[in-house]
Each structure stands twice: as structure tokens, then as C-alpha cells.
Amino acid sequence: MIRIVILIYNHCIPGPEVRWVPEPSRPSDIPSLLFPAKLTSPPADAPSMKSPMNERLVAPCGINCAVCACYLARVNGTWEKGIKIPQCPGCLPRNKMCANLRKWCPKIGKGRIRFCHECADFPCSHLKGMDGRYRARYRTSPVENLERIRDRGMRSFLAWQRRKWRCQRCGGTISCHNGLCFSCDLKVLRKKKKKYSWDD
């Protein structure tokens, strides 16, 4: 009998954990709500905990899922360490294309463009609104990320992200959602009341 785990991810809502969901070659290859239960370990080329920057973790809207608290919680096993943060493998690996904008933009939702900067309306009103929130709350800018990708290329962007979000103490990754390293700041994270805020 084939066991199927049904997962409903909507903006990183907590749910049953899947250790790894591979990126499909096309949006239609893997149904968005059905994943094999036997996918329990990442492939050999999966991003590491220390340096998870990878092109497939950069969402169409410009958000780098590698510095998202939900992704870092997953790769660092925070649930097993008593820190209950929703876990997510990233927008593209879970076949969401972009959790923030896909419902507003058919080009993203149907996979017609890889990044928002490829659109003639870039940056659109929805992206500008999201950019304002991320700048104010999380000290990162999706629009700036997209402009860097467009003007300097993905390799340069990922190198910049590694420098920007690298923990100076242990070499781990700092989350854009709270400014904490998910490798060596776990004690602080465990006590933190607002886990998606730079300030308590």
C-alpha cells in the first residue's frame, strides 16, 4: 500500500514535517498538496546548514528562502530541540512558486516567469507593498534583491547574501525574520516571545 501524506502549506502554517521535497522541473510535475511519505532525507546536493544559499531557494518575488525562519528551523531541526517554529523547505521546493505573490500574479502562479524583474510591470503595486513590509520589519528588500539578480547575476547575489546573513561567531545563517543565528542563538530563540521580530 502506498502511504501519502497530505500537507497544507499556506504561508508556512505548522503541519506534518517532510524532511525534503525536491524541486520539480515544471510546476505541474508534483501536485502542490501531495508528497510521498518516504522522502525523509535531502539529496546529496542539498544546501548545507552552514551555507544554505542556493538559487532554487530564491523565490520569484526576490525573497531568499535560505534566510527565512521557517526554512532555517527545518534544516536545523528546531522542533527536536524544543523550539516550535513552522517548518518549510522553501517556496519552489514545495511547488508554491511564490507564497507571497502567486495568488495575485498569474505569470508567477503559472510559472511563466522565473523572477518578478522579468515582468514589464516590475515592480508592481503588490511587490512594492510587500517590499515596504519586509524593509520595515525584517531589514531586507525583495525589490533590491531582484535588482541585484537582474543587474549583477545570481552568483553575485548569492555571494552577497552569504556575507550579509553569515553569523560571525559560528558561520551559520542569520534569519531575516529575527536577526538570530539558528546554529548558535538557539537559547535566545527559545526564550524569545516574538519569534518573527527583531525586537521582543
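Just the residues that are in contact (Cβ under 8 Å) with a residue 60 or more places away in the chain, farther than 21 Å from residue 166 by Cα and within 10 Å of the chain's Cα centre (by Cα), please, taken from the stretch 48-93. Residues satisfying the conditions are 92, 93. So which of 156, 183 is more than 26 Å from residue 116 (Cβ to Cβ), surrounded by fewer than 19 Cβ atoms within 10 Å (Cβ to Cβ) and hydroxyl-bearing (Ser, Thr, Tyr)? On inspection, the qualifying residue turns out to be 183. When 164, 107, 195 are checked against the criterion of being part of a loop (DSSP other than H, G, I, E, B) and basic (Lys, Arg), a single residue qualifies: 195.
Residue-level check: of (1) within 23 Å of residue 88 (Cβ to Cβ); (2) surrounded by fewer than 15 Cβ atoms within 10 Å (Cβ to Cβ); (3) at pLDDT below 95, residue 164 misses just (3).
Among the conditions (1) outside any helix (DSSP H, G or I); (2) under 29 Å from residue 187 (Cα atoms); (3) at pLDDT 90 or above, residue 61 misses just one, which is (2).
The residues of the stretch 144-158 that are out of contact with any Phe, Trp or Tyr (no Cβ under 6 Å at 6 or more places or on another chain) and either closer than 20 Å to residue 198 by Cβ or without any contact (Cβ under 8 Å) to a residue 24 or more places away in the chain (or both), listed by number, are 144, 145, 151, 152, 153, 155, 156.
Is it true that residue 134 is closer than 14 Å to residue 62 by Cα and hydroxyl-bearing (Ser, Thr, Tyr)?
Yes.
For the criterion of being out of contact with any strand residue (DSSP E or B) (no Cβ under 7 Å at 6 or more places or on another chain), in a loop (DSSP other than H, G, I, E, B), modelled with pLDDT under 95 and under 24 Å from residue 75 (Cβ atoms), residue 114 passes. Quick one: is residue 108 modelled with pLDDT under 95, within 14 Å of residue 62 (Cβ to Cβ), surrounded by 15 or more Cβ atoms within 10 Å (Cβ to Cβ) and within 17 Å of the chain's Cα centre (by Cα)? Considered against the rule, which asks whether it is modelled with pLDDT under 95, within 14 Å of residue 62 (Cβ to Cβ), surrounded by 15 or more Cβ atoms within 10 Å (Cβ to Cβ) and within 17 Å of the chain's Cα centre (by Cα), residue 108 comes out as yes.
The values are calculated or read from the model by the stated rules, or taken from the named source; none is laboratory data. Since we're looking at a predicted model, the values are computed, not measured. Heads up, the Cβs are rebuilt from the backbone with ideal geometry, glycines too, and the neighbour counts pull from every protein chain shown.
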